[in-house]
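Report on the following structure.
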Protein chains: 2
Amino acid sequence: MATNKNKEKVESWFIKLRNQICQRFEEIENNFHHNEIREKKGRFIRKKWKRLKNKKGGGGEISIMKGRIFEKVGVNISTVYGNFSKEFSKQVPGCEKNPKFWASGISIVAHMHSPFITAAHFNTRHIVTSKSWFGGGTDITPTMPDKKNINLFHTSLNKTCDIHNKKYYKKFKKWCDEYFYLKHRQETRGAGGIFFDYINTNNWEEDFDFTKDIGKCFLKTYPKIIENNIKKTWTKKEREKLLIKRGRYAEFNLLYDRGTQFGLKTGGNIEAILMSMPPKAKWL
Amino acid sequence: MATNKNKEKVESWFIKLRNQICQRFEEIENNFHHNEIREKKGRFIRKKWKRLKNKKGGGGEISIMKGRIFEKVGVNISTVYGNFSKEFSKQVPGCEKNPKFWASGISIVAHMHSPFITAAHFNTRHIVTSKSWFGGGTDITPTMPDKKNINLFHTSLNKTCDIHNKKYYKKFKKWCDEYFYLKHRQETRGAGGIFFDYINTNNWEEDFDFTKDIGKCFLKTYPKIIENNIKKTWTKKEREKLLIKRGRYAEFNLLYDRGTQFGLKTGGNIEAILMSMPPKAKWL
């Protein structure tokens, strides 16, 4: 059950995970550089925001780093609460009669300088209305897909899911493939991952553990994928390919992404919502 | 009335205007260059497309140029016909009982290398269902707004509108300001222009003349604005500002533009629809 104590536990976990991920990413900035990139090693810059002017409504904190390995990476955490609009309440489970909500989450998007290091997205969240559930997902968008690292990503997710439910990985992988799909181009956004929502098995601790494990899996796996590919040099043509891939990424976020659309159309924090946009993109 | 002969007249006009505009833009490529840009002078490349595989449904022709003054400019013409889907018919005047439609139009988007030369959009169209009407608009998106050229653009449009109806300019300028608005950022896309739709005064020839005159106005005015600003050099910082402005342009097209959203979600020609996307864009 989503007691106040549980809400606190969730929020604390997202903060802890944020700290660990930022630290790990800064370590990579300390330890490596590309010969192609003249930037200094990056450091996260933090910025708090409030949802409402009157402070009742919660808010969040953006952490953003522009570095020499990470071209742009954003790590957002937020805890917001209040009442949904009448219109929106209709779409949210448990809000049919009561528009009250509480939501806490962490969201990460990393765009890399190197065309050989995949972009990555990760987010997990806990939503409480008259119902409560966990949701989230993580997926990678390589410009130059290589089997070894795609397998590493999927195998780690598969193993993590299997600890909790043998059906999770297959189900959530399919959900991811269906969600991160550019219908107008009839192509997937990237090399997939997992996507899940409305997780409530009537065992709050177990669902929370699953959510935490997906976070730990990302913290372990994505840095490894980065380091596996960090020594590869690239050509102008390969970098060009990355910028075009990023154009597709921008298309997905603005045309299809539920979070982006919802956030922008309901007056969310622009900077936090659009943090996922690529630093540079190209269209032919 | 939209007789077959009138449809032919409209289609021929759009082809003629396309030819004149492409020629004028190529002239600019012949006559000028920026010291900052190493590209060769541009030439339009044309590409035809068909709406349906079986050839019944019409199609269009893309003209695209990447040059030394025009970083990317697309000039699309199309004439398409058939039946709208049930869902879409509900939204289109004159399609309540009969989904049959015919539509012809020209559409231009120009993104320039120089931050001192405004981007521009122009389109006009004629739609025939059981009703018929003209629509279109033109607007500019300067990175470095300067009064002189914004005034030139608006004054030309004002004069052209006034020939046809003294109420047009004020009404269509307002419509433009309302349409090209980024709600999530609470900012206009650029420096405005005009936007009009559902024009049918019961005088087909007059409405067609108005549509033609807006085309001629664009053909005369935009090249003049380009040439007024062509000798200005720019800094890296000013170019950066242009790329960020273009990010906003991409946001507008993907989040709000009716044509883009409709085209992409109903399986239109991707290349033609997304021709409006900036060649390069940036998000901070």
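Restricting to the range A:250-276, what's the tally of residues that are closer than 19 Å to A:Arg185 by Cα and at pLDDT 85 or above?
The qualifying residues number 8.
In the range A:237-270, how many residues are more than 9 Å from chain B (Cβ to nearest Cβ), out of contact with any Phe, Trp or Tyr (no Cβ under 6 Å at 6 or more places or on another chain) and either buried (at least 18 other Cβ atoms within 10 Å of the Cβ) or not aliphatic (A, V, I, L, M) (or both)?
Total meeting the criteria: 17.
Name the residues in the range B:174-219 that are within 14 Å of another protein chain (Cβ to nearest Cβ) and of a type in the set (S, T, N, Q), would you?
Passing the criteria: only B:Gln186.
Go through (1) in a helix (DSSP H, G or I); (2) more than 19 Å from the chain's Cα centre (by Cα); (3) under 24 Å from B:Leu242 (Cβ atoms) for B:Lys5 and report which single condition fails.
Exception for B:Lys5: condition (3).
Filter the range B:133-154 down to the residues that are under 12 Å from B:Ala120 (Cβ atoms) and either of a type in the set (D, E, K, R) or at pLDDT below 95 (or both) and list them by number.
Listed by number, the list holds a single entry, B:Asp139.
Under 9 Å between Cβ atoms, which residue pairs at least 6 apart in sequence (or on different chains) link something in the range B:170-187 that is at positive phi with a partner that is outside any helix (DSSP H, G or I)?
Close Cβ pairs (under 9 Å, with a partner that is outside any helix (DSSP H, G or I)) do not exist here.
What are the residues in the range A:241-281 that are outside any helix (DSSP H, G or I) and among the hydroxyl-bearing types (Ser, Thr, Tyr), if any?
Listed by number, the residues that qualify are A:Tyr256, A:Thr266.
So for the range A:235-246 (the condition being under 15 Å from the mean Cα position of the chain (by Cα) and at pLDDT 95 or above), does at least one residue qualify?
no
Looking only at the range B:14-47, count every residue that is exposed (fewer than 11 other Cβ atoms within 10 Å of the Cβ) and either of a type in the set (Lys, Arg) or not in a loop (DSSP other than H, G, I, E, B) (or both) and tell me the total.
Here the count works out to 2.
Do the conditions hold for B:Ile230, that is, is it modelled with pLDDT of 95 or more, outside any helix (DSSP H, G or I) and not charged (D, E, K, R)?
Against the criterion (modelled with pLDDT of 95 or more, outside any helix (DSSP H, G or I) and not charged (D, E, K, R)), B:Ile230 qualifies.
I need the full set of residues from the range A:271-284 which are more than 7 Å from chain B (Cβ to nearest Cβ) and over 16 Å from A:Val73 (Cα atoms), in order please.
Within the range A:271-284, just A:Leu284 meets the criteria.
Taking the range B:161-177 on its own, how many of its residues are buried (at least 17 other Cβ atoms within 10 Å of the Cβ) and over 17 Å from the mean Cα position of the chain (by Cα)?
4
Return yes when B:Arg246 is touching a strand residue (DSSP E or B) at 6+ places or on another chain (Cβ under 6 Å), basic (Lys, Arg) and over 17 Å from A:Arg185 (Cβ atoms) and no when it is not.
yes
Among the listed residues A:Gly58, A:Gly94, A:Gly74, identify the single one that is within 20 Å of A:Gly136 (Cβ to Cβ) and touching a helix residue (DSSP H, G or I) at 6+ places or on another chain (Cβ under 7 Å).
A:Gly74
Scan the range B:144-156 and tell me whether some residue there is surrounded by 17 or more Cβ atoms within 10 Å (Cβ to Cβ), free of Cβ contacts under 8 Å to residues at least 40 places away in the same chain and over 30 Å from A:Asn269 (Cβ atoms).
Yes, the range B:144-156 contains a residue that is surrounded by 17 or more Cβ atoms within 10 Å (Cβ to Cβ), free of Cβ contacts under 8 Å to residues at least 40 places away in the same chain and over 30 Å from A:Asn269 (Cβ atoms).
The values are calculated or read from the model by the stated rules, or taken from the named source; none is laboratory data. Since the model is a prediction, treat every value here as computed from it, not as a measurement. Here the Cβ is made from the backbone with ideal geometry for all residues, glycine too, and neighbour counts use every protein chain on show.
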